[in-house]
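Remarks on the structure that follows.
The values are calculated or read from the model by the stated rules, or taken from the named source; none is laboratory data. Predicted, not measured: the structure shown is a model, and the values here were computed from it. Backbone-built Cβ (ideal geometry, glycine too); neighbour counts: all protein chains shown. SASA here: full protein model, heavy atoms, side chains in, ligands and nucleic acids out. Shrake-Rupley method; radii C 1.70, N 1.55, O 1.52, S 1.80 Å.
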Number of protein chains: 2
Amino acid sequence: MTESRKKTVLLIGGGGVGAIAALNLETGGLAEVTVVLRSNFKAVNESGYQIESCDHGVVKNWKPTHVVNSVPDITKEGNEPYDYIVLTTKNIPDIPPSIQDLIAPALPPSNTHTTIVLIQNGLNIEKSLLKSHSNTPILSGVSLIGSAEFEPGVVVQDDTDRLLIGAFSNPNLPSTQQTSLAENFVKIYSAGGKTVCTYSSDVLYDRWRKLVYNACLNPICAITGLDTGRIRLADGGIEGLVRPAMKEIVTAAKEVAGVELAGDVVDTMIEMDPLEIYLAPSMLADVRKGNFIEFENLLGEPLREGKKAGVAMPTVEVLYNICKAIQWRTKDAKGRVKIPPKRGAVAK
Amino acid sequence: MTESRKKTVLLIGGGGVGAIAALNLETGGLAEVTVVLRSNFKAVNESGYQIESCDHGVVKNWKPTHVVNSVPDITKEGNEPYDYIVLTTKNIPDIPPSIQDLIAPALPPSNTHTTIVLIQNGLNIEKSLLKSHSNTPILSGVSLIGSAEFEPGVVVQDDTDRLLIGAFSNPNLPSTQQTSLAENFVKIYSAGGKTVCTYSSDVLYDRWRKLVYNACLNPICAITGLDTGRIRLADGGIEGLVRPAMKEIVTAAKEVAGVELAGDVVDTMIEMDPLEIYLAPSMLADVRKGNFIEFENLLGEPLREGKKAGVAMPTVEVLYNICKAIQWRTKDAKGRVKIPPKRGAVAK
């Protein structure tokens, strides 16, 4: 009886990555998904998603079981806690709200039932949650997908979904429990057979490996305005920028975390996205939309950890500081900073 | 009699810098200027320039003596050679035509009469001309002006014109002749009393000093999309990017050319433009207009010379490589490169 009940999943953030995650979870038939949407709530609530996907084909007017426009307050509404809260929003610690604040209505600090799944990029993203929710299991999701939302509810997935799930180590919980929760999530996510979701026992390895892409190719595309195809075609883009940055991250992975990335990881990451899909990685997509970028977890944390461990990271450091300036530019464009008024050319 | 004849000046490139140069030259009454225009020829030929200038005030419908839309072929037209050919175009050696090709119709290789004045930025810009016109004196103009053309013929100069003129050393000509040509140009440029144009005996010093701005602040503004006011206000823009890059250039100046830049040059250059004019330096203005940027003379040459001299220049090197990628992006946008066709998300 209990076994046949669908798992309840609250999925926060239904953009390019979240929409495909919701689709995979519901396609398998083992989960009932509530998706929390903001900018695309109206479009999806009225007409569902319009999806063009290399994994699922063309899917029109698809709606997850529940679509809501804010995180449900389970205490106020007297709801059962969710089995899983999956976060597929951007993780931008330098711009409020924090993810702890975001999930708070659906997750009391005393929670022991709900498992959090962070399908989010970057290093040390679990740290703040381990403090705010010390008895909550937290899973790490490292997604290698090419997917973007081009207008509200319109999602194009042009590179296959490959998702690695493992448990962030929580010292307050037995590790067997954490492992089994991760394996169970893999089961419900994979059940539809449209995607490759696998259990991973080495979260740090996964995260550092993806940082080879995300701390380097991703910001370099955002900064130069070139997609992952064009940066490979541009004069010196790979040899002058991407490869030197990636080598710094590979060295940092070893020195900081003892993570030995295979010798071909740099070339693998450079060629990760098929050239001819001209994929705009997340930071480039965000810059183009005038959104904030996830640079603190993607570049900031590996840089800080690497420098602390004595690794020379001159390329990543310049990229990081440029991203910081670009983030300020977005704050300025959104009216979030106050600057002195402009002076005319001719004295009045 | 000869002395009272106005000097003939062919000025190539009448944008933000060139328009103010033409205005200064004609205001003094000692020169008769022919301005060669391209994109703004129609506007200026029909209605003149509309200038708002901190040096000259508001100047409406101002026309130089002659306005033409191509470099005159003096041999074909049987014209006298010009006394001066002044170049105020961008100098972009990686994008044809070269400046030798550009001036060729007005300057036979055998020229001994005409003096070239390069009011252009960067290092080693005289090298190719010394080869193509080995008996032509070449003057160096280092301009510290804030001026931009916002639409064809509409120029806003919001920071004063300060111009340093000296002779690039030409081993085939007596140095006294070169010096006196430079001093004479200063005289005719300054005669109107609206500007500060001074003779300089140390061209390398001037050029390296300006590179502290142009190899650093200028590309950093272009890359981050922030003007010179905003980069000072942005989190970490100065300390994380501008200052480290400038220090590398100061070291390179010393090691490459024996140029000792004063201890306060970095701060002086950071504060060069009044914050509240929010000046877009040339490379940012060019990026915004979709134009090519002058990165090879501004960053490429100092970087190559610096590295050859053993100077560590990690920041400038990353900036250079980003500029290279941005230049490729512009080529791509202008259809000057051929790339493989885009593949759809769903297999057809």
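Would you mind finding the one in B:25, B:10, B:37, B:30 that is open to solvent by 40 Å² or more (accessible area, probe 1.4 Å), in contact with a helix residue (DSSP H, G or I) (Cβ under 8 Å, 6 or more places away or on another chain) and of a type in the set (A, V, I, L, M)? Break it down stepwise before answering.
On the way: B:25 fails: open to solvent by 40 Å² or more (accessible area, probe 1.4 Å); B:10 fails: open to solvent by 40 Å² or more (accessible area, probe 1.4 Å); B:37 fails: open to solvent by 40 Å² or more (accessible area, probe 1.4 Å).
Unique residue meeting the criteria: B:30.
Find the residue count for segment B:262-314, including only residues that are of a type in the set (A, V, I, L, M), open to solvent by 20 Å² or more (accessible area, probe 1.4 Å) and out of contact with any Asp or Glu (no Cβ under 6 Å at 6 or more places or on another chain). So the count comes out to 6. Against the conditions (1) under 18 Å from the mean Cα position of the chain (by Cα); (2) farther than 19 Å from residue B:204 by Cβ, residue B:138 satisfies every one except (2). Of the residues making up segment A:192-222, those that are in contact with a helix residue (DSSP H, G or I) (Cβ under 9 Å, 6 or more places away or on another chain) and either outside any helix (DSSP H, G or I) or more than 19 Å from residue A:271 (Cα to Cα) (or both) are A:192, A:193, A:194, A:195, A:196, A:197, A:198, A:199, A:200, A:201, A:204, A:205.
Scanning segment B:113-127 turns up one or more residues that are under 30 Å from residue B:269 (Cα atoms), of a type outside the set (Asp, Glu) and open to solvent by 40 Å² or more (accessible area, probe 1.4 Å). Taken together, A:274, A:302 contain a single residue that is within 30 Å of residue A:151 (Cα to Cα) and not assigned by TED's automatic domain parsing to the domain that holds residue A:157, which is A:274. The single condition from (1) more than 14 Å from chain A (Cβ to nearest Cβ); (2) assigned to a loop (DSSP other than H, G, I, E, B); (3) touching a Phe, Trp or Tyr at 6+ places or on another chain (Cβ under 6 Å) that residue B:183 fails is (2). Taken over segment B:150-164, the criterion of being surrounded by 22 or more Cβ atoms within 10 Å (Cβ to Cβ) and not in a strand (DSSP E or B) is satisfied by B:153 alone.
The residue that is farthest from residue B:13 (Cα to Cα), counting only those in segment B:125-146 that are among the β-branched types (Val, Ile, Thr) and away from chain A (no Cβ under 14 Å), is B:136. Any residue that is on the phi < 0 side of the Ramachandran plot and open to solvent by 60 Å² or more (accessible area, probe 1.4 Å) - is there at least one of those in segment B:137-147? No, there is no match, as no residue in segment B:137-147 is on the phi < 0 side of the Ramachandran plot and open to solvent by 60 Å² or more (accessible area, probe 1.4 Å). The residues of segment A:189-206 that are crowded, with 17+ Cβ neighbours inside 10 Å, over 15 Å from residue A:137 (Cβ atoms) and of a type in the set (Val, Ile, Thr) amount to a single one, A:195. Scanning segment B:17-39 for residues that are closer than 25 Å to residue B:105 by Cβ and of a type in the set (Gly, Ala, Ser) yields B:18, B:19, B:21, B:22, B:31, B:39.
Checking each residue in segment B:100-112 for being at pLDDT 95 or above and in a loop (DSSP other than H, G, I, E, B) picks out only B:107. In this structure, residue B:93 qualifies as open to solvent by 40 Å² or more (accessible area, probe 1.4 Å) and either closer than 30 Å to residue B:306 by Cβ or of a type in the set (Asp, Glu) (or both).
Quick one: is residue A:149 touching a strand residue (DSSP E or B) at 6+ places or on another chain (Cβ under 9 Å) and more than 10 Å from chain B (Cβ to nearest Cβ)? Let's see the steps before the verdict.
Numbers: touching a strand residue (DSSP E or B) at 6+ places or on another chain (Cβ under 9 Å): yes; more than 10 Å from chain B (Cβ to nearest Cβ): yes.
Considered against the rule, which asks whether it is touching a strand residue (DSSP E or B) at 6+ places or on another chain (Cβ under 9 Å) and more than 10 Å from chain B (Cβ to nearest Cβ), residue A:149 comes out as yes.
Of everything in segment A:315-333 that is open to solvent by 50 Å² or more (accessible area, probe 1.4 Å) and touching a residue at least 24 places away in the same chain (Cβ under 8 Å), the residue that is farthest from the other protein chains (Cβ to nearest Cβ) is A:333.
A quick yes/no check of all residues on (1) touching a residue at least 40 places away in the same chain (Cβ under 8 Å); (2) among the small types (Gly, Ala, Ser); (3) closer than 23 Å to residue B:327 by Cβ; (4) in a helix (DSSP H, G or I):
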site	(1), (2), (3), (4)
A:235	no, no, yes, no
A:238	no, no, yes, yes
A:249	yes, no, no, yes
A:261	yes, no, no, no
A:267	no, no, no, yes
A:279	yes, no, yes, no
A:283	yes, no, yes, yes
A:286	yes, no, no, yes
A:302	yes, no, no, yes
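When B:337, B:250, B:318 are checked against the criterion of being of a type outside the set (Gly, Ala, Ser) and under 28 Å from residue B:162 (Cβ atoms), a single residue qualifies: B:250.
With respect to being in contact with a His (Cβ under 8 Å, 6 or more places away or on another chain), in the same structural domain as residue A:63 (by TED's automatic domain parsing) and either touching a residue at least 24 places away in the same chain (Cβ under 8 Å) or of a type in the set (A, V, I, L, M) (or both), residue A:194 fits the description. The listed residues are A:256, A:242, and the only one of them that is assigned to a helix (DSSP H, G or I), open to solvent by 10 Å² or more (accessible area, probe 1.4 Å) and not assigned by TED's automatic domain parsing to the domain that holds residue A:123 turns out to be A:256.
Condition (residue is outside the structural domain of residue B:288 (by TED's automatic domain parsing), touching a Lys or Arg at 6+ places or on another chain (Cβ under 6 Å) and β-branched (Val, Ile, Thr)) applied to segment B:140-149: is it met by at least one residue? Yes: one or more hits. Is segment A:237-244 home to any residue that is in contact with a strand residue (DSSP E or B) (Cβ under 8 Å, 6 or more places away or on another chain), more than 9 Å from every other protein chain (Cβ to nearest Cβ) and charged (D, E, K, R)? There is no residue in segment A:237-244 that is in contact with a strand residue (DSSP E or B) (Cβ under 8 Å, 6 or more places away or on another chain), more than 9 Å from every other protein chain (Cβ to nearest Cβ) and charged (D, E, K, R).
When you go through B:175, B:110 one by one, which is the residue that is farther than 21 Å from residue B:37 by Cα, open to solvent by 50 Å² or more (accessible area, probe 1.4 Å) and free of Cβ contacts under 8 Å to residues at least 12 places away in the same chain?
Exactly one of B:175, B:110 is farther than 21 Å from residue B:37 by Cα, open to solvent by 50 Å² or more (accessible area, probe 1.4 Å) and free of Cβ contacts under 8 Å to residues at least 12 places away in the same chain, namely B:175.
A search for C-beta distances below 6 Å between a residue of segment A:20-35 that is farther than 18 Å from residue A:5 by Cα and any residue that is in a loop (DSSP other than H, G, I, E, B), counting only pairs 6+ apart in sequence or on different chains, returns A:21/A:88; A:35/A:14; A:35/A:64. Evaluated against (1) surrounded by fewer than 18 Cβ atoms within 10 Å (Cβ to Cβ); (2) of a type outside the set (D, E, K, R); (3) under 17 Å from residue B:145 (Cβ atoms); (4) touching a residue at least 60 places away in the same chain (Cβ under 8 Å), residue B:49 falls short on exactly one condition, (1).
Residues that are under 19 Å from residue B:276 (Cβ atoms) and more than 10 Å from chain B (Cβ to nearest Cβ) were ranked within segment A:334-348; the one that is surrounded by the fewest Cβ atoms within 10 Å (Cβ to Cβ) is A:348. Screening the candidates B:207, B:162 for the property of being at pLDDT below 95, in contact with a strand residue (DSSP E or B) (Cβ under 9 Å, 6 or more places away or on another chain) and more than 10 Å from chain A (Cβ to nearest Cβ) yields one hit, B:162.
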